[in-house]
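S.K.: Next up is a structure, given as structure tokens.
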Amino acid sequence: MARNRMDTFPRLTMQQLRAQVGNKIFNSLSSLNIALDGSQSVSLNLVRRPIRRDGNLQQCYLVCPGCGAACRVIRIVPQEPFLLCRLCVGKTYHARYLSQDHFYNLVKRYAELGHA
């Protein structure tokens, strides 16, 4: 059975954006304009959340244009809004099914050996 997998969509991560823009500039931004293939450009908001109770250190997240969730990875999809999180795309990762497939293969093999 063919499953929809996230591996088919290219990903855009915080580390990639930080490397492209530069660390000092990136830390002062609240949004980025991202140029996609062709003449399309998409604005992507950033949000910062404290990672300590005193608020001195902050973690930066991308804001999904589809649902507004804060995430570290955004997928580039072929239709508007062109950038979506994993939940909005509605697809799953290949690794999610590896253990499940392995289990079903073991059950099938066990039945073939006449133990069922």
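S.K.: Could you compute Rg(Cα) / (2.2 N^0.38 Å) for the range 9-90, with N its residue count?
M.R.: 1.12
S.K.: So, with +1 on the Cβ of K and R and -1 on the Cβ of D and E, and no other charges, what is the size of the charge dipole of the range 9-90 about its Cα centre, to the nearest 20 debye?
M.R.: In debye, rounded to 20, the range 9-90 gives about 420.
S.K.: What are the ³J(HN,Hα) couplings of the range 74-85, residue after residue, when phi is run through the Karplus curve with 6.51, -1.76, 1.60 and θ = phi - 60°? Round to Hz, x for glycine and proline.
M.R.: Values, residue by residue: 10, 9, 8, 10, x, 10, 4, x, 6, 10, 9, 7 Hz.
S.K.: Follow-up question, since we're still on this one. Sort Arg49, Arg18 by Cβ crowding within 10 Å, fewest neighbours at the top.
M.R.: In increasing order of surrounding Cβ atoms, one gets Arg49, Arg18.
S.K.: Need the full-extension length gain, Leu87 to Leu29, defined as separation in residues times 0.36 nm minus the C-alpha distance. One decimal, nm.
M.R.: Residue separation times 0.36 nm, minus the Cα-Cα distance, leaves 18.4 nm.
S.K.: While we're looking at this one, here's another question. Got a sec? Charge dipole of the range 9-90, +1 on Cβ for Lys and Arg, -1 for Asp and Glu; which of Leu57, Gln79, Gly22 is way out at the positive end?
M.R.: Leu57
Read-outs: derived from the displayed coordinates by stated rules, not from any lab. Keep in mind that what you see is a predicted model, and the values were worked out from it rather than measured. Using ideal geometry, Cβ is built from the backbone for each residue, glycine included, and neighbour counts are taken over all protein chains shown.
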